[in-house]
Amino acid sequence: MWSGENSIRLSRICVLVFSLMLAGVALSAPWLVRWFLDFSRAELAGKDGCFFTTIYLGSLPAAVLLHKLYRLLRHLEMGQVFIQANVEDLRRISWCSFAGALICLISSLYYIPWIFVSVAAAFMGLIVRVVKNVFAQAVELQNESELTI
Amino acid sequence: MPIIVNLDVVMAKRKMSSGELAERIGISQANLSILKTGKAKAMRFSTLESICEVLDCQPGDILEFRKQDS
């Protein structure tokens, strides 16, 4: 029987899978970049360093984002939904998305397709920011309702 | 907050303990403590009605408005 608990567990597994993928990308970056440069028809010779910089710089906000996402899911699993810590986590997740978007935007100077990743990351950051605003209001409402005697 | 809860004053006048009041109005002692210490953000009319009935007083005896110095 499918339940909310199982759904949260599945989300946590997905976060762990993405964390492993991120670690995999960070570890295999030299081979990945080499393969991509050989495979790509764009004239990218000598741009290895730029790709490494984008991948390793982008890995930092991605790792923080995944950590905060995991923590948020742990709180949800414990039944702590509308708490200030979740609002803070969502705020950080949103800023990590914007940081990733900025890194990709700068990277589009040497490889234009990065701009698509940048727009997607910025859009995700915006959505998370709106969810954070909703959570902040919900926390306030819950506090008020708890202090109504 | 400029709304002051004078519940402890009325309780002292009626010589009623927190435990007894909480039991008679049907709220927990923890909630009564929130009310007495002024930490509450709102009070239900039903709670106010019960308090007034048990303590035989008026809402104005329990709640007081004091202007905040700006």
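For region A:44-62, which positions are of a type in the set (A, V, I, L, M, F, W, C), closer than 18 Å to A:MET21 by Cα and open to solvent by 50 Å² or more (accessible area, probe 1.4 Å)?
A:PHE52, A:LEU57, A:LEU60
Which of the residues spanning region A:1-43 are within 30 Å of A:VAL81 (Cβ to Cβ) and outside any helix (DSSP H, G or I)?
Across region A:1-43, the qualifying residues are A:MET1, A:TRP2, A:SER3.
Taking the criterion of being out of contact with any strand residue (DSSP E or B) (no Cβ under 6 Å at 6 or more places or on another chain), within 14 Å of chain B (Cβ to nearest Cβ) and either part of a loop (DSSP other than H, G, I, E, B) or aromatic (Phe, Trp, Tyr) (or both), would at least one residue in region A:135-149 satisfy it?
Yes, that holds for at least one residue.
Sort out which residues of region B:54-70 are more than 13 Å from every other protein chain (Cβ to nearest Cβ) and open to solvent by less than 70 Å² (accessible area, probe 1.4 Å), and write them in order of number.
Once the filter is applied, which keeps residues that are more than 13 Å from every other protein chain (Cβ to nearest Cβ) and open to solvent by less than 70 Å² (accessible area, probe 1.4 Å), region B:54-70 yields B:VAL54, B:LEU55, B:CYS57, B:PRO59, B:GLY60, B:GLU64.
How many residues are surrounded by fewer than 21 Cβ atoms within 10 Å (Cβ to Cβ) and part of a helix (DSSP H, G or I) when one looks only at region A:74-86?
6
Among the residues of region A:94-128, which ones are out of contact with any Gly (no Cβ under 9 Å at 6 or more places or on another chain) and open to solvent by less than 80 Å² (accessible area, probe 1.4 Å)?
A:SER108, A:TYR110, A:TYR111, A:PRO113, A:TRP114, A:ILE115, A:ALA120, A:VAL128
Kindly list, by first and then second residue, each pair from a residue in region A:56-78 that is among the polar types (S, T, N, Q) to a residue that is surrounded by 16 or more Cβ atoms within 10 Å (Cβ to Cβ) and assigned to a helix (DSSP H, G or I), limited to pairs with Cβ atoms under 6 Å and residues at least 6 apart or on different chains.
As it stands, the answer is A:SER59/A:ALA26, since those pairs meet every condition given.
Applying the selection to region B:9-53, what residues are within 14 Å of chain A (Cβ to nearest Cβ), out of contact with any helix residue (DSSP H, G or I) (no Cβ under 8 Å at 6 or more places or on another chain) and open to solvent by less than 80 Å² (accessible area, probe 1.4 Å)?
The answer is B:ALA30, B:ILE34, B:GLY38, B:SER46.
Go over the candidates A:ARG34, A:ARG91, A:ARG12 one by one and state the one that is among the basic types (Lys, Arg) and within 25 Å of A:GLN142 (Cα to Cα).
Within the list A:ARG34, A:ARG91, A:ARG12, the selection yields A:ARG91.
Does any residue of region B:47-64 turn out to be in contact with a Phe, Trp or Tyr (Cβ under 9 Å, 6 or more places away or on another chain) and among the aliphatic types (A, V, I, L, M)?
So far as region B:47-64 goes, no, none of its residues is in contact with a Phe, Trp or Tyr (Cβ under 9 Å, 6 or more places away or on another chain) and among the aliphatic types (A, V, I, L, M).
The values are calculated or read from the model by the stated rules, or taken from the named source; none is laboratory data. What you see is a predicted model; the values in this text were computed from it and never measured. Here the Cβ is made from the backbone with ideal geometry for all residues, glycine too, and neighbour counts use every protein chain on show. Surface accessibility is based on the protein's heavy atoms, side chains included, excluding ligands, DNA and RNA. Shrake-Rupley method; radii C 1.70, N 1.55, O 1.52, S 1.80 Å.
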